[in-house]
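The values are calculated or read from the model by the stated rules, or taken from the named source; none is laboratory data. Everything numeric in this text was worked out from a predicted model, so none of it was measured. Note that we place each Cβ from the backbone using ideal geometry, even for glycine, and neighbour counts take in every protein chain shown. Just the protein is used for accessible areas: all its heavy atoms, side chains included, with ligands, DNA and RNA removed. Shrake-Rupley method; radii C 1.70, N 1.55, O 1.52, S 1.80 Å.
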Amino acid sequence: MPSPFLWGVASSAFQVEGALAEDGRAPSVWDVFSARPGAVRDGHSPATACDHYHRWAEDVDLLDRLGVNAYRFSVSWPRVVPQGRGAVNKAGLDFYDRLVDALAERGIEPVPTLFHWDLPQALEEAGGWSARGTAQAFADYAAAVADRLGDRVRRWITLNEPVVHMAYGHAFGVHAPGRALDVPDVLTVAHHQLLAHGLAAGALRSRGLEVLLTNNYSPVGPATGSEADAAAARAYDALHNRLFTDPVLTGAYPDLGAFGADGIDAVREGDLATIAGSADGLGVNYYNPTLIAAPPHGSALPFDFAEITGVPTTAFGWPVVPDGLERLLLLLGDRYGDALVPMYVTENGCSQPDEVDAGGGVADPERIAYLAGHVQAMDRARERGADVRGYFVWTLTDNFEWAEGYHQRFGLVHVDHATQRRRPKDSFDWYRSLIARRSGSAEGDR
């Protein structure tokens, strides 16, 4: 009998947990980066976030009330292995043990992500993702978590959006660890993340577990019909969409010649064999498409961004294009054919300037329209043959949104970050009704 379609929500440890110095947790790169003056908008602190570390039971109750059958969360590497390698912190694992048990009691499948950007600071000081040893440290950490939770957790996500962590954290310096490396060194970071995924996949599969890799994807189009714009779009597509997918599904890196790269120096014999075929499922995070133009003269990059006009935008300024999700899911099928593994939409959502009204409610019609449009786009892709097996809204609760602090609200649940009071928004009720309808239909998920 086929597994039920997964209807869920997603979150990440650093964005919700708080308790950054409790029960043996050591600093991550985001602890250090967030403390830099000007790194986070208005100096917002992640120290408490959503206080999920203490309020997890309340949040599990919200998940139960929502009616989801899956919850994607992340495990904090510095909470479990504080120095990144070596001693495992039992108290850190105890927290996730309690969370997984509570989810199981309510029939909610836990779908943990092992790395959602919070690299232990001790590893960063030893070279971070520029150092090959970080890949093996990640695999050892993955094995330790799986040994504790693997009897109740079947699906595991290794990395979240490695392209964003690579670009924002190691090229542009606007995310932790705040580095600004040149192209060869940035590609070394990319390769070591992929090697970490491949090594961790081996450790997880040896324990009989399923492995997913979650990427941020964006269908790319040229701004005009010119060959210059088309070439720029191909270069951007190779970086954003193919760099962390081609090696996993085809065993080879895409052509990166537009970036002046004739291969990746960090690749050693056997690495691509470790990476190839290392995913049983592909996590697809989708927020918007990208329009690309040829770069201006003298640009360090082989592309430039163009504005998508004529569509609504989110509070983040991102264009709202639900059809882009349908195009993306079908594009992945066309691009990879039989090599493509089952897909899960592991993040989809939007920020809006949500406010509590006089009656204590939170109306968010724009979010409801956004989610409805994207679910319909996913449905159309599935009807056209896309093998999509789950959909996760980003996110359950308004959280610490990285360099934006608490300014961007993505949650189905409003959080007053001064009091930690949770208030389900209208979109919470909408998603609950959608799940109830889909779960009760004859097909179970349609």
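Descriptive notes on the structure:
- Residue count for the stretch 381-406 under the criterion of being aliphatic (A, V, I, L, M), within 18 Å of ALA13 (Cβ to Cβ) and part of a helix (DSSP H, G or I): the result is 1.
- Residue pairs whose Cβ atoms lie under 9 Å apart, separated by 6 or more positions or on different chains, with the first residue in the stretch 61-78 and in contact (Cβ under 8 Å) with a residue 24 or more places away in the chain and at negative phi and the second of a type in the set (Lys, Arg) and in a helix (DSSP H, G or I), are ARG65/ARG432; LEU66/ARG432; VAL68/ARG432.
- Any chance TYR71 is over 30 Å from ASP265 (Cα atoms) and assigned to a strand (DSSP E or B): yes
- Number of the condition not met by ASP59 [criteria: (1) among the acidic types (Asp, Glu); (2) buried (at least 20 other Cβ atoms within 10 Å of the Cβ); (3) more than 16 Å from ARG422 (Cβ to Cβ)]: (3)
- Looking across the stretch 243-254, just one residue is open to solvent by less than 10 Å² (accessible area, probe 1.4 Å), aliphatic (A, V, I, L, M) and in a helix (DSSP H, G or I), and that is VAL248.
- Candidate set: the stretch 1-35, residues that are free of Cβ contacts under 8 Å to residues at least 24 places away in the same chain and either more than 17 Å from PRO177 (Cβ to Cβ) or within 16 Å of the chain's Cα centre (by Cα) (or both); chosen: the one surrounded by the most Cβ atoms within 10 Å (Cβ to Cβ): ALA21
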